1. Rounded to the nearest 500, what is the chain's calculated 222 nm mean residue ellipticity when only DSSP H runs of at least 4 contribute -39500 (n - 2.57) each, over all residues?
2. Using a Förster distance of 35 Å, how high is the FRET efficiency between E103 and D311, based on the Cβ-Cβ distance and rounded to 0.05?
3. May I ask for the equivalent-ellipsoid semi-axes of the stretch 1-84, computed as the square root of five times each C-alpha gyration tensor eigenvalue and listed largest first in whole Å?
4. Hey, what does the equivalent ellipsoid look like for the stretch 207-319, semi-axes from the Cα gyration tensor as sqrt of 5 times each eigenvalue, largest first, whole Å?
5. Mind giving me the FRET efficiency for D168 and R216? R0 is 25 Å, r the Cβ-Cβ distance, nearest 0.05 is fine.
6. Per residue, how much accessible area does the chain show when a 1.4 Å probe rolls over the protein heavy atoms, in square angstrom?
7. Just to confirm the number: angle between the C-alpha axis of helix 115-128 and the first principal axis of the chain, 0 to 90 degrees, nearest 10?
8. With r as the distance between the Cβ atoms of R9 and V209 and R0 = 35 Å, compute the FRET efficiency 1/(1 + (r/R0)^6) and round to 0.05.
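The values are calculated or read from the model by the stated rules, or taken from the named source; none is laboratory data. What you are looking at is a predicted structure, and each value in this text was computed from that prediction instead of being measured. Here the Cβ positions follow ideal geometry from the backbone for every residue, glycine too, while neighbour counts run over all protein chains shown. Protein only, heavy atoms only, side chains kept; ligands, DNA and RNA dropped before computing areas. Shrake-Rupley method; radii C 1.70, N 1.55, O 1.52, S 1.80 Å.
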Amino acid sequence: MWNLPVLPRVHQPRRLVIVTSGGDSPGMNSAIRAIVRSAIHQGIGVLGSDRGYTGLVDDELRPMNTASVGNILHRGGTVLKSDRCDAFRQPDIRARVARQLRERQVDGLIVIGGDGSLTGAHLLATETGLPVVGLPGTIDNDISGTEDTIGFDTAVNTALEAIDRIRDTAHSHERVFLVEVMGRSSGFIALAVGLAGGAEAILLPDCRVDLPGLVRRLNLSKRRGKNSSLLVVAEGHDPRLTSRLAEQLSENGHQARACILGHIQRGGSPTGHDRLLASALGASAVDHLCAGHSDIMLGIQRGVITAVPLDEVAGRSKPLPTGILELAHILAN
Ligand code: F6P
């Protein structure tokens with residue numbers, strides 16, 4: 001749990017708009033609920049943008065009230081729907097969006113999404129002066145300036161549940177399973193799932209795949225009495241890598257199968273952790289708008305809810321935690 005920062009109230013927004021953008025992530029609905037109910041509690045009207053930035057571009061905004069966010073806290077996905085909106089990349093479109101929002105008496109925007117969505121939020125805030133607060137919402141946990149993102153914990157747990165099931169089959173058939181997890185070009189999910197799932201090897205996106213080394217490792221495992229193994233592969237390699245590696249390991253004396261977990265990692269009911277994170281960040285985003293803050297993202301740093309300038313978030317890469325890969329290898333021996 002996190003302390004909610006107490007901020008001076010210097011501004012009373014009339015209406016704010018919520019945008020969920022990019023890949024949906026479990027906990028987005030919990031954040032929407034927290035924003036709507038906190039805002040209404042403070043006398044602020046709320047609109048929801050339909051399908052991410054597309055709703056802003058097409059001026060498709062729907063009024064939200066306490067009832068419209070009833071029964072969504074525990075649901076995956078986003079009731080506002082999401083989109084990756086190409087039109088919003090154009091400065092003239094962003095200028096038109098800001099005009100449309102001002103005509104509707106909107107003086108605050110909360111954007112929940114990943115790096116691309118937060119980049120759009122930053123550009124809108126700096127180019128048009130519209131107050132904007134971003135929240136990190138992505139299963140990938142690849143957002144700079146925060147240790148955690150809404151949806152990461154759920155995705156890791158979903159992948160772990162799948163891995164635990166796959167282990168049963170791997171054990172029964174004395175097989176090697178290569179399980180590919182999501183994460184775009186980052187390896188946060190792979191690292192977390194690999195360590196918590198006891199993977200014999202984790203292949204991160206930027207690593208060179210050493211087939212002979214992998215075969216030696218599996219041979220050694222076999223000699224030590226392990227009759228099955230599980231390897232976690234981060235997506236972000238060549239898309240055919242996981243299946244190709246399974247074939248190559250089979251040719252080298254290890255009966256191997258590939259399993260690509262895919263979008264099941266994006267859906268499902270958010271974990272308690274993600275609901276708490278989303279609720280705290282959502283409520284805090286409203287407080288930051290009332291404190292007159294803009295062009296920031298709220299994240300977690302050293303366990304504290306922290307406002308980070310969007311300039312230090314957008315387009316920046318976040319390093320993987322050190323030592324985890326080595327630890328996973330030691331513990332899997
Ligand atoms: O960013 C979330 C994510 O699920 C990534 O892990 C994945 O690479 C990507 O989105 C998939 O995008 P799409 O659903 O558009 O295929």
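1. -12000 deg cm²/dmol
2. Given R0 = 35 Å and the Cβ-Cβ separation, E is 0.80.
3. Semi-axes, largest first: 21, 17, 12 Å.
4. Taking √(5λ) for each Cα gyration eigenvalue gives 44, 16, 14 Å.
5. For D168 and R216, the calculated efficiency is 0.40.
6. Roughly 43 Å² per residue, with all protein chains present.
7. Its long axis makes an angle of about 20 degrees.
8. 0.05
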